[in-house]
Amino acid sequence: METQTPQTGMQVQQTPSPMPKKQMNVGIKLLLIAGLSVAMLIPRIIIGVLIDERENTARAAKYEITANWGNEQLVSGLVIEIPAKPTVKQATQVKEQKIEGEVSVAVEPNTPLRETDKIYITPDELNYNCNIDTKELHRSIYKAVVYTSDIDMSGTFVLPDYLDSSNINEYDIQKAKIAMRMGERDKMVKKTRLSIDGKDQNLKAEGSYPNYLSCPVDLSGLLKGDTLKFSAKATLKGSNKLKFQPLGNPTTVHITSNYTNPSFQGGNLPDEREITADGFTSDWTVFAKNTSTEEFPLDNYDEGDDNFGVDFIVSVDQYTQNSRAVKYSFLIVVLTFVTVFIIENRRRTPIYWLHYLLIGFAIMLFYLLLLSFSEYMLFGWSYLIASVMTIGLITVFLTGVLKERKTAIVIGMILSCLYAFIYVLLSLETMSLLVGAIGLFIILAMIMFVSLQINWNGITN
């Protein structure tokens, strides 16, 4: 830029005044702090991978425990199977013969083909009374919830309306049998007992369907319009879940257990429940959609949307909590660096980039401590211990850097509030997003206000 002096009229070249050195250094330092914040994403990724590995190890240990004791069980009750009498149908078989490049058709009429159908009758009423005793099995530091369930079942069968005198001769009543499945056969503690109209039955393994038991059943009472009453007892071992298939119309289930943290799942929730420090009780009344079918109703029993029951979940999933906590690590690093930078500016005490780096590593070490402690104790206690260790380390370190204990303690108190806020977010479920957004808004407003008081030319390191 050129200007003309009034005395001589000579033109003088003017250059823009350079940015103050201190202001330039502040800008560079802010960029450096931002770079260190981004660099902290690397240990965050490593810790995230470690959490996944520990979770997979825990799942493998839990699978070994439950596989030996028993997996989740589904009780599907009783079904009567009635085969149809063989019928003869007329059919035509067609044979093709190739003669000198031409196709001729030979017809053989009146070839008999035999086929057999079956119908299935589900209970008109089905009642379960279950007493479930749970316990925890451990392998190393990992655990799984297993149970032993005593199941009493009772109910009635009634001849369906469509099976009347007009078509009863189409079915082979003499070959009718009753099939049942009460969980997996190899996980039954005692032999399953079945009584029909007060008479004990000798159950045998069903060859057509794995894990099923069956026996012949006399349907003469049903043919006269009478009801067929039954009862059964079984004791099952299992883990994680116990569910029921609603075959009866209705199906009622009453459960008592010593477990204190049940989760009710499936297509139907209990009509009544009571959970105390000694266990829980629950009651269901569910009506089946279909009372009879031409497909074996127990064949795809575990895929039914109407199945219901209880999950015996572990009260705290520490790995899920750790994964959620790590997601907030970048926020804690940035807010901690901003807090230290503001204190540095107001105190006019230089804090070098290496100090910021060490503080960042201390914050990342918090998540490693949290993961380690949470495998041996409750997540809340683990979070408290890891927080006290981390905040204490940073406070003592800044006391040496700033040469003033009071300022370092102030930073420690700010970090304590920040860690407490993050723990609240981890503890919330549906409201975590709302509370987090409001909290971040307040923090940003405070930073914006404090930034107005910063002497941007006051830091040289």
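The values are calculated or read from the model by the stated rules, or taken from the named source; none is laboratory data. Keep in mind the model is a prediction, meaning the values are calculated, not measured. Quick reminder, even Gly has a Cβ in these numbers, built from the backbone with ideal geometry, and neighbours come from all protein chains shown. Accessible surface is based on the protein model in full, side chains and every heavy atom, while ligands, DNA and RNA are left aside. Shrake-Rupley method; radii C 1.70, N 1.55, O 1.52, S 1.80 Å.
State whether one or more residues within segment 178-187 are touching an Asp or Glu at 6+ places or on another chain (Cβ under 8 Å), at pLDDT 80 or above and not hydroxyl-bearing (S, T, Y).
Yes.
Does L365 satisfy the criteria of being open to solvent by less than 40 Å² (accessible area, probe 1.4 Å), among the hydrophobic types (A, V, I, L, M, F, W, C) and either in contact with a strand residue (DSSP E or B) (Cβ under 6 Å, 6 or more places away or on another chain) or modelled with pLDDT of 90 or more (or both)?
So L365 does not fit the description; no.
What tally of residues in segment 377-392 results from selecting those that are of a type outside the set (G, A, S), in contact (Cβ under 8 Å) with a residue 24 or more places away in the chain and in contact with a helix residue (DSSP H, G or I) (Cβ under 8 Å, 6 or more places away or on another chain)? Steps first, answer last, please.
In the first step, residues of segment 377-392 are kept if they are of a type outside the set (G, A, S); the result is 377-379, 381, 383-385, 388-391.
If we keep only those that are in contact (Cβ under 8 Å) with a residue 24 or more places away in the chain too, we end up with 378-379, 383, 390-391.
Narrowing further to those that are in contact with a helix residue (DSSP H, G or I) (Cβ under 8 Å, 6 or more places away or on another chain): 379, 383, 390-391.
Adding up the residues that qualify gives 4.
Are there any strands (runs of 3 or more DSSP E) wholly within segment 248-291 with 3 or more residues that are under 24 Å from the mean Cα position of the chain (by Cα) and either more than 16 Å from N131 (Cα to Cα) or free of Cβ contacts under 8 Å to residues at least 24 places away in the same chain (or both), and if so which?
Ranges flagged: 262-266, 272-276.
When you scan segment 188-199, do you find a residue that is at pLDDT 90 or above and in a strand (DSSP E or B), even just one? Give the steps one after another, and end with the answer.
Just the residues of segment 188-199 that are at pLDDT 90 or above, to begin with: none.
Among the residues of segment 188-199, not one is at pLDDT 90 or above and in a strand (DSSP E or B), which makes the answer no.
Which residue out of F449, F373, F441 is at pLDDT 85 or above and not aliphatic (A, V, I, L, M)?
Step by step, each of F449, F373, F441 is checked, and only F373 is at pLDDT 85 or above and not aliphatic (A, V, I, L, M).
Restricting the search to segment 30-66, which residues are among the aliphatic types (A, V, I, L, M) and within 19 Å of the chain's Cα centre (by Cα)? Outline the logic, then answer.
Initially, segment 30-66 is screened for residues among the aliphatic types (A, V, I, L, M), giving 30-34, 36, 38-42, 45-47, 49-51, 58, 60-61, 65.
Those that are among the aliphatic types (A, V, I, L, M) and within 19 Å of the chain's Cα centre (by Cα): I51, A58, A60, A61, I65.
Which pairs do you get when a residue that is open to solvent by 50 Å² or more (accessible area, probe 1.4 Å), found in segment 393-416, comes within reach of a residue that is of a type in the set (S, T, Y), reach meaning Cβ atoms under 7 angstrom, with the pair 6+ apart or on two chains?
R405/T399; I409/T395; I414/T339
Do we have any residue at all in segment 314-324 that's within 22 Å of L444 (Cβ to Cβ) and crowded, with 17+ Cβ neighbours inside 10 Å?
The answer is no, given that none of the residues of segment 314-324 is within 22 Å of L444 (Cβ to Cβ) and crowded, with 17+ Cβ neighbours inside 10 Å.
Within segment 202-233, how many residues are over 18 Å from T122 (Cβ atoms) and modelled with pLDDT of 85 or more?
Matching residues across segment 202-233 total 2.
Look at V338 and say whether it is farther than 30 Å from E72 by Cα and open to solvent by less than 10 Å² (accessible area, probe 1.4 Å).
In short, no.
Condition first: crowded, with 18+ Cβ neighbours inside 10 Å and assigned to a strand (DSSP E or B). Now tell me which residues in segment 143-164 satisfy that.
Of everything in segment 143-164, those that are crowded, with 18+ Cβ neighbours inside 10 Å and assigned to a strand (DSSP E or B) turn out to be A144, V145, V146, Y147, S149, I151, M153, G155, F157.
Among all residue pairs at least 6 apart or on different chains, which show Cβ distances below 8 Å where the first residue, located in segment 307-336, is closer than 23 Å to M377 by Cα and assigned to a loop (DSSP other than H, G, I, E, B) and the second is open to solvent by 40 Å² or more (accessible area, probe 1.4 Å) and not small (G, A, S)?
Matching pairs, first to second residue: I313/N240; I313/N261; V314/K143; S315/N261; V316/L378.
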